[in-house]
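The values are calculated or read from the model by the stated rules, or taken from the named source; none is laboratory data. The model shown is predicted, which means the values in this text are computed figures rather than measured ones. Don't worry about glycine lacking a Cβ; one is built from the backbone with ideal geometry, like all the others, and counts go over all protein chains shown.
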Amino acid sequence: MARIPSEHFFEKLGERSISFFTTVYEIAILFMQTIRALPSLWFYRRQFIEQLYAFSVKTLPIAAVIAIFIGLGATVQSTYQSSELLTRAVLVNVIFKTTILELCPIVLSLVLAGKLGASLAAEIGSMKISEQIEALETMSLDPVGFLVVPRVVAGLLMLPVITIIANFLAIFSSFFVSAVTSEWISAAEFGSGLEMDFKVFEMYFGNLIKPAVYGVLIALMGSYFGLKTSGGAKGVGAASTNAVVVSAVFIVIFDYYLGKLLL
């Protein structure tokens, strides 16, 4: 079996490392450019309204289905692992906090990273290879303000809204399957489980903070890889794939650090 020369291995490793840090640097630069271009949002309000629609109405059906089955799945797993050591109200509290703080925000964001991230990268990538972005610059329009800002702000605003609806549907489905159809727990016990050790900040954290960060990440990654597209139709496909993969990686990384810093 042929062995790869060590100098080639370290050369490839160095190239990959340089490429990684260059990408992170360019994403950070794009983020700073997006912040500086925020005052132009009103000028590009039509594009902003279109992105609000894309991030809300178009994603609501799939978010609702995912949320309902997250609640059902969490309830089934908790009832299966229940024992005499824990009261049913405690298990409901575990379902509630796990769903609100972790399951719904991250699962929903990962799915939407695949749906929205790929769509954004493909749309902007198609504009890139057809030289429409250069046409925007010719007309003295800022590509970052025209393309990136509306998408990032829409992700920032609408993903928390979708997550709030998803969390409500997940808890309602959990209540329905555990207290209505199976009578595993009474409605009063279910309510006491929700109230047990209740912290208002946890609601803000799971419904607003995490989804807002994930929404920005999804929109920013899709926009970045769309703007970096090259190589025709094949490049558009590669940009879509990269946007989904990198978004998913950043989401799970930020999920850990947000929990560690804020909880």
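Let's see how each residue does on (1) touching a strand residue (DSSP E or B) at 6+ places or on another chain (Cβ under 9 Å); (2) among the small types (Gly, Ala, Ser); (3) crowded, with 16+ Cβ neighbours inside 10 Å:
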residue	(1), (2), (3)
Met32	no, no, no
Phe43	no, no, no
Arg46	no, no, no
Gln51	no, no, yes
Ser56	no, yes, yes
Leu72	no, no, yes
Tyr80	no, no, no
Leu86	no, no, no
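Table: residues versus (1) surrounded by fewer than 20 Cβ atoms within 10 Å (Cβ to Cβ); (2) in a helix (DSSP H, G or I); (3) among the hydroxyl-bearing types (Ser, Thr, Tyr); (4) modelled with pLDDT under 90.
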site: Leu91; (1), (2), (3), (4): no, yes, no, yes
site: Val94; (1), (2), (3), (4): yes, yes, no, yes
site: Lys97; (1), (2), (3), (4): yes, yes, no, no
site: Ser109; (1), (2), (3), (4): no, yes, yes, no
site: Ala113; (1), (2), (3), (4): no, yes, no, no
site: Gly117; (1), (2), (3), (4): no, yes, no, no
site: Ala121; (1), (2), (3), (4): no, yes, no, no
site: Lys128; (1), (2), (3), (4): no, yes, no, no
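Matching residues to (1) crowded, with 20+ Cβ neighbours inside 10 Å; (2) among the β-branched types (Val, Ile, Thr); (3) farther than 21 Å from Tyr25 by Cα:
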residue: Phe225; (1), (2), (3): yes, no, no
residue: Thr229; (1), (2), (3): yes, yes, no
residue: Val236; (1), (2), (3): yes, yes, yes
residue: Ala243; (1), (2), (3): yes, no, no
residue: Val249; (1), (2), (3): no, yes, no
residue: Gly259; (1), (2), (3): no, no, yes
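Read through the list (1) surrounded by fewer than 18 Cβ atoms within 10 Å (Cβ to Cβ); (2) in contact (Cβ under 8 Å) with a residue 60 or more places away in the chain; (3) of a type in the set (Gly, Ala, Ser), then give the number of the only condition that Ser186 fails.
That leaves (2) as the condition not met.
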